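Colleague: Quick one: the structure is below, and I'll ask about it shortly.
The values are calculated or read from the model by the stated rules, or taken from the named source; none is laboratory data. What you see is a predicted model, and the numbers here were worked out from it, not measured in a lab. All Cβ positions, even for glycine, are placed from backbone atoms using ideal geometry, and neighbour counts span all protein chains on display.
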Amino acid sequence: MSERYLEVLYPTYGQYFEVKEVLFEHKTDHQHLIIFNNDHFGRVMALDGIIQTTEKDEFIYHEMLTHVPLMAHRSPKSVLIIGGGDGGILRETLRHSNVERVVQVEIDQSVIDMCKEYFPKHSNGAFDDPRAEIVIADGMDYVKQATETFDIIISDSTDPVGPGEVLFTNDFYRLAKARLNDGGIMVTQNGVCYMQLDEVINTTKRMGALYQDQTFYTSAVPTYIGGLMTLAWATDDTTLRQQEVADIRQRFESSGIKTRYYNPELHKAAFALPQYVRDAIDAI
Ligand code: SAM
């Protein structure tokens, strides 16, 4: 069986995947979830018609959204993950032996269940790690009610439509900051800057007003079409981005973590933004 799967994120531009076989398709309580096989990318998951993750290139996004903040922070012990139901961020976070506790808040139990079944390597057992607590809830409700604070917050959300929309609001950024320890870092999935420059502008206005140091870093993820993926970075510790590559390398090597995309040179270089992105930020 072979059919085409069209991604519908942009009205006049998109990508298509050949669907070799549909493995799972269901309208959950929150979104339309489909998992299928593609000859090039392996298993692919889409939510509400938007590609979220693939077996083949997931490492790029998950390594960059996790290791940049965890390596930049000098001693992260606690991490809050919002979204991330496929388990890739949890897997990478738990590779840091200094991390003692992770709370992951995912709105959709079905995403976790189906990803455990169809993408076992994404979480690689991380959901069963005793350091991890999984909370099924809206990330916004969690940050409203929680009292615990964390060294790192990672928002691995869908795009700002549907259930993920609240995770890009002033209120979410403000409430999330209250859950951050002094010197903590928050990073978020922030779209593809060429296609979604408005997301860079909105986040700069909303998150930038709250932190001493708010910017973006980038990574190139083939399945997120349109160029560089932008990841938002926010902290009140202005020294964290000034660290030399040698310092990051020393921490990286002593961690023993082996990566396929992330390395300390790329960590540093990822903060160099294209001029059109800098101009858009400067014009605010
Ligand atoms: N890496 C993907 C991307 O950039 O396209 C996103 C990963 S996907 C695992 C995002 C997850 O966020 C989904 O599992 C979805 O259910 C979850 N999510 C969406 N809105 C949420 C909310 N308000 N609170 C918690 N989780 C949410």
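Colleague: Taking the range 95-128 as the region of interest, how many residues are surrounded by fewer than 18 Cβ atoms within 10 Å (Cβ to Cβ), away from the ligand (no atom under 16 Å from the Cβ) and under 22 Å from THR53 (Cα atoms)?
Modeller: Residues meeting the conditions: 2.
Colleague: Would you confirm whether or not the range 31-42 contains a residue that is closer than 28 Å to ASP213 by Cβ and more than 16 Å from the ligand (Cβ to nearest atom)?
Modeller: no
Colleague: Continuing with the same structure: Would you pick out the residues in the range 133-151 that are touching a Leu at 6+ places or on another chain (Cβ under 7 Å) and more than 8 Å from the ligand (Cβ to nearest atom)?
Modeller: Those that are touching a Leu at 6+ places or on another chain (Cβ under 7 Å) and more than 8 Å from the ligand (Cβ to nearest atom): VAL143, LYS144, THR149, PHE150.
Colleague: Evaluate the following for PHE168: is it farther than 25 Å from ILE35 by Cα, within 15 Å of the ligand (Cβ to nearest atom), buried (at least 19 other Cβ atoms within 10 Å of the Cβ) and within 14 Å of the chain's Cα centre (by Cα)?
Modeller: yes
Colleague: I'd like to know if the range 253-268 contains one or more residues that are modelled with pLDDT of 95 or more and within 27 Å of THR12 (Cβ to Cβ).
Modeller: Checked against the condition, which is being modelled with pLDDT of 95 or more and within 27 Å of THR12 (Cβ to Cβ), the range 253-268 yields no hits at all.
Colleague: Please work out if GLY125 is within 21 Å of LEU9 (Cβ to Cβ) and among the small types (Gly, Ala, Ser).
Modeller: Details: within 21 Å of LEU9 (Cβ to Cβ): no; among the small types (Gly, Ala, Ser): yes.
Spelling it out, it is not the case that GLY125 is within 21 Å of LEU9 (Cβ to Cβ) and among the small types (Gly, Ala, Ser).
For (1) under 17 Å from the mean Cα position of the chain (by Cα); (2) within 19 Å of SER110 (Cβ to Cβ), each residue gets a yes or a no:
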{"position": "ARG4", "(1), (2)": "no, no"}
{"position": "PHE41", "(1), (2)": "no, no"}
{"position": "LEU47", "(1), (2)": "yes, yes"}
{"position": "ASP57", "(1), (2)": "yes, no"}
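Colleague: While we're looking at this one, here's another question. Residues that are touching a helix residue (DSSP H, G or I) at 6+ places or on another chain (Cβ under 8 Å) and under 24 Å from GLY162 (Cα atoms), at least 1 per element: which strands (runs of 3 or more DSSP E) completely within the range 1-77 meet that? Can you show your working first?
Modeller: On the way: elements: 3-6, 16-19, 21-27, 32-38, 42-47, 50-54.
Result: 21-27, 32-38, 42-47, 50-54.
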